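Take a look at the structure below.
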Amino acid sequence: MGVLSSWLARFRAPIPPIDDTLWAQAVSRLPLARALDPPRARYLRELAAVFLHTKRFHALGGAVLDDFWRLAIAMQASLPALPHGPKAFKGWTNVLVYPGQFNVRRSRHDPPTGVVTESDDTLIGEAWERGPMVLSLADVALDIEAPWDGVNVIVHEMAHKLDMLARPANGVPPLPPGIDRREWIATMQRGFERLSRAADRGRETTIDPYGAEAPEEYFAVTSEMHFSQPAALREAEPAVARLLEAFYGPSPADQG
């Protein structure tokens, strides 16, 4: 029995398959899925069905979600899970979808002074440990329209979800046997430090400078590039690109 079959056997009722017409519509509109080779495309369909069955979607702030948009989210969330299977979806249930950017209130504590300040951050996506994935539907749509620009909010948040499986998120997700943990840490740390130095000096960078915020953001940002701009990532950070290909499998951008 395969990994997916063993996992599905835990459900008393079978997971509903994705309607053929709906699947064809989604594949035709999602270049990231359309570029996959047939075996990975078939597995993507199975994982997307698992995602739809195990996650609850909540449309907030006037967002309108239909079957296509739920499937489009499930498919893109399943792309980073292809080598890892349904275990990539462990530990959380809800997908919150806003029509566009949303505000999150943050409390920040300054240890030297003891002062706590609050501020609102405007975001297009967020992943909470053991909590929901939060998405801007406008940005999900933009990623579908511009699939090869190095940005994908769902991939970014799924990278965080994979990272959080090892708790806490630190840019080192659970690694398969073929990837040496010490090599991963050293390579990603060097890449993070190079990006941080460049960002501090105000230099233009191929990798989104948001990745310099923290090692976990570096992992998420380079994960986006792996799926949507791998050639640029290979040029900027070849060692990081090699590790991400070992972790995620070939990029759809290289297969299309």
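The values are calculated or read from the model by the stated rules, or taken from the named source; none is laboratory data. Since we're looking at a predicted model, the values are computed, not measured. Heads up, the Cβs are rebuilt from the backbone with ideal geometry, glycines too, and the neighbour counts pull from every protein chain shown. Ligands, DNA and RNA are stripped out before the accessible areas are found, and what is left, the full protein with its side chains, is counted by its heavy atoms. Shrake-Rupley method; radii C 1.70, N 1.55, O 1.52, S 1.80 Å.
A few notes on this one:
- Taken over the range 190-210, the criterion of being open to solvent by 70 Å² or more (accessible area, probe 1.4 Å), assigned to a helix (DSSP H, G or I) and farther than 18 Å from Gly150 by Cα is satisfied by Arg190, Glu193, Arg194, Arg197, Asp200.
- Number of the condition not met by Gly125 [criteria: (1) crowded, with 17+ Cβ neighbours inside 10 Å; (2) at pLDDT below 95; (3) farther than 24 Å from Leu32 by Cα]: (3)
- Selected residue (only one of Gly171, Gly178 is in a loop (DSSP other than H, G, I, E, B) and under 15 Å from the mean Cα position of the chain (by Cα)): Gly171
- Glu237, sole failed condition from (1) of a type outside the set (A, V, I, L, M); (2) surrounded by fewer than 24 Cβ atoms within 10 Å (Cβ to Cβ); (3) over 19 Å from Ala81 (Cβ atoms): (2)
- Complete set of residues in the range 71-83 that are open to solvent by 10 Å² or more (accessible area, probe 1.4 Å) and either more than 13 Å from the chain's Cα centre (by Cα) or among the aromatic types (Phe, Trp, Tyr) (or both): Pro83
- Selection count where residues are loosely packed, with under 13 Cβ neighbours inside 10 Å and within 16 Å of His226 (Cα to Cα), scope the range 161-189: 0
- Within the range 80-122, the residues that satisfy the criterion of being of a type in the set (Lys, Arg) and either outside any loop (DSSP other than H, G, I, E, B) or at pLDDT below 90 (or both) are Lys87, Arg105, Arg106, Arg108.
- Filter result for the condition that a residue is at pLDDT 95 or above and within 27 Å of Ala33 (Cα to Cα), over Pro215, Pro174: Pro174
- Residue match in the range 38-59 (condition: open to solvent by 50 Å² or more (accessible area, probe 1.4 Å) and part of a loop (DSSP other than H, G, I, E, B)): no
- When restricted to residues that are at pLDDT 95 or above and open to solvent by less than 40 Å² (accessible area, probe 1.4 Å), the range 128-149 contains 13.
- Filter result (out of contact with any strand residue (DSSP E or B) (no Cβ under 9 Å at 6 or more places or on another chain), assigned to a helix (DSSP H, G or I) and either open to solvent by 40 Å² or more (accessible area, probe 1.4 Å) or under 13 Å from Glu46 (Cβ atoms) (or both)) within the range 60-70: Asp67
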